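Chemist: Here's a structure for you.
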Amino acid sequence: MIAPVKPPPTYAWEPTTDFLAAKYGLPRESIVRFDVNTSPLPPDLREVLTGSFDPALCEYPPSDYAALVAAAAVAYGVGADELLPTAGADEALDLIARASLREGSVAVVATPTYAMYRIVSEQRGASVLEVPRLGPEEGFRLDIVALAKAARGAQIVWLCEPNNPTGVSEPPERIGELLAVLESDAAVDGREAPTVAVDEAYAEFVGRSVLPLRYDYPKLVVVRTLSKAHALAGARVGFAVARPETLAPIVSFRAPASVGTVSAALATASLSRPELAAGNVARIAEQRTRLLSELAELGWRPYPSQSNFILIRFSSPKSAAAAAETLLRCGLVPRTFGSGHPFADCLRLTVRSAQENDRLIEAARGIPA
Ligand code: PMP
């Protein structure tokens, strides 16, 4: 008899809005998602949705996504042959894992970070070496020496820049430093350097990218998304960006036309009008400053953030869980970290609109830090 397929490691969300509305007896529209690092309002792209699509919706999108790729090439300052459109950053992460890893491979992950790097690596049969980031007093920076050591037997190193959930960005020269060490170690050992995947889902909030480093380190793959600064999470559009020779094996793993025509049109329009995402980033930065100071005034302990979310430390995992429950009763959904997670005593909260943040601050008044 063939053994049943073991379910793979998979991603866990907080409960859905409908579930929480029913559980807490709240109107559906009163629930605000502070858990998923999305933007408070979508861009006004009505003209895209009311116009006609080319090709029409009865056809598949063009296999080269020429218009989307052209807009992204300008927005990211790369060549059209360096871009692979994907169904969100998550599809890019999965394709990079497929192209780089197989049973017995090793993947290095700088933790705590976004859960998907471990998940997509383990789904490919790779083992994951976790390299903890430095502590909060050192700004959660990368431990470059430990990363380089772990990477000696690895096929891929996953980095998140700026990092989710710590919210901070590595000083740019340090990523370059790490890549140089990886390159020289590989040369000394006489092996190929590992792929380095840098997930820049939140890069627009910091205003810089490691993309220029792809000339020094050809196995660099950068992941971008329209879900965060572009406020189009529902469209599901992202990119893998790399030198053409690095991108080619990743391209082979994508299902035909995984980005829909409507999504591609929305993303093309948003990338072509950079003032839309820039306005969103500016509004969020203003609200982030305000949230950080008002929460701190209440005695909460938020860490500094350069992203559209804030990590907050409570006195214990129990008080973090109690804070989460009180917020949920008010219809405000925080991101929690399971017990055993290094941030089990923390919550992560997305920076949202002024009115939504007002509700958060009001609810936080009654919650002990
Ligand atoms: N990378 C990081 C670091 C994220 O936080 C997220 C979403 N929470 C993603 C990727 C997934 O992005 P997308 O919506 O583009 O799949």
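Read the figures in this text as sums done on the coordinates, not as results from a lab. Predicted model only: the values in this text are computed from it and were never measured. Neighbour counts are summed over all protein chains in view; Cβ atoms, including those assigned to glycine, are modelled from backbone coordinates with ideal geometry.
Chemist: Please list, or write none, the lysines whose alpha carbon is within less than 25 Å of the alpha carbon of LYS318, excluding same-chain residues fewer than 8 places away.
Modeler: Those lysines meeting the cut-off are LYS23.
Chemist: Counting GluC sites (Glu not before Pro) as exposed when in a DSSP loop with at most 12 other beta carbons within 10 Å, what is the longest stretch of the chain free of them?
Modeler: Here the longest segment lacking exposed loop sites spans 193-369.
Chemist: Let me ask you something else. Kirkwood Rh, Cα Rg: Rg to Rh for the stretch 86-164?
Modeler: Over the Cα atoms of the stretch 86-164, Rg/Rh equals 0.98.
Chemist: If I stretch the segment between ALA3 and GLU173 completely, what's the gain in nm (0.36 nm per residue apart, minus their alpha carbon distance), one decimal?
Modeler: Taking 0.36 nm per residue and subtracting the Cα distance, the gain is 56.2 nm.
Chemist: Using the charge dipole of the chain (Lys, Arg: +1 at Cβ; Asp, Glu: -1 at Cβ; taken about the Cα centre), state which of ALA354, VAL108, ALA197 has its Cα farthest towards the positive end.
Modeler: Highest projection toward the positive end goes to ALA354.
Chemist: I'd like the per residue volume of the convex hull spanned by the Cα atoms of the chain, given in cubic angstrom.
Modeler: Value for the chain: 165 Å³ per residue.
Chemist: Distance between Cα centroids, the stretch 162-177 to the stretch 282-312: provide it in whole Å.
Modeler: 18 Å
Chemist: For each of CYS160, CYS330, count neighbouring Cβ atoms within 10 Å of the residue's Cβ, then give the residues from fewest to most.
Modeler: Lowest to highest Cβ neighbour count: CYS330, CYS160.
Chemist: Which order results if VAL131, VAL351 are arranged by neighbouring Cβ count within 10 Å, fewest first?
Modeler: If I rank by nearby Cβ atoms, fewest first, I get VAL131, VAL351.
Chemist: Let me spell out the model: positive unit charges on the Cβ of Lys and Arg, negative unit charges on the Cβ of Asp and Glu, origin at the Cα centre of the stretch 52-273. What dipole size does that give, in debye rounded to 20?
Modeler: 220 debye
Chemist: Right, next: With loop defined by DSSP as not H, G, I, E or B, and exposure as at most 15 other Cβ atoms within 10 Å, which is the longest segment of the chain clear of exposed trypsin sites (Lys or Arg not before Pro)?
Modeler: The answer is 209-364.
Chemist: Something else: Along each principal axis of its Cα atoms, how long is the stretch 323-369 end to end? Whole angstroms, biggest number first, please.
Modeler: Result for the stretch 323-369: principal-axis Cα extents of 34, 20, 16 Å.
Chemist: I would also like to ask the following. Using a/c under 1.5 as the rounded threshold, could you call the stretch 277-369 rounded, prolate or oblate? The axes a ≥ b ≥ c are square roots of the C-alpha gyration tensor eigenvalues, and prolate needs a/b larger than b/c, oblate otherwise.
Modeler: Prolate.
Chemist: Ranked by Cβ crowding within 10 angstrom, fewest neighbours first, how are TYR117, TYR215, TYR303 ordered?
Modeler: The fewest-first ordering by Cβ neighbours comes to TYR215, TYR303, TYR117.
Chemist: Shifting gears a bit: If you keep only loop residues by DSSP, which chymotrypsin sites (Phe, Trp or Tyr not before Pro) in the stretch 63-116 have at most 11 other Cβ atoms within 10 Å of their Cβ?
Modeler: Filter output for the stretch 63-116: empty list.
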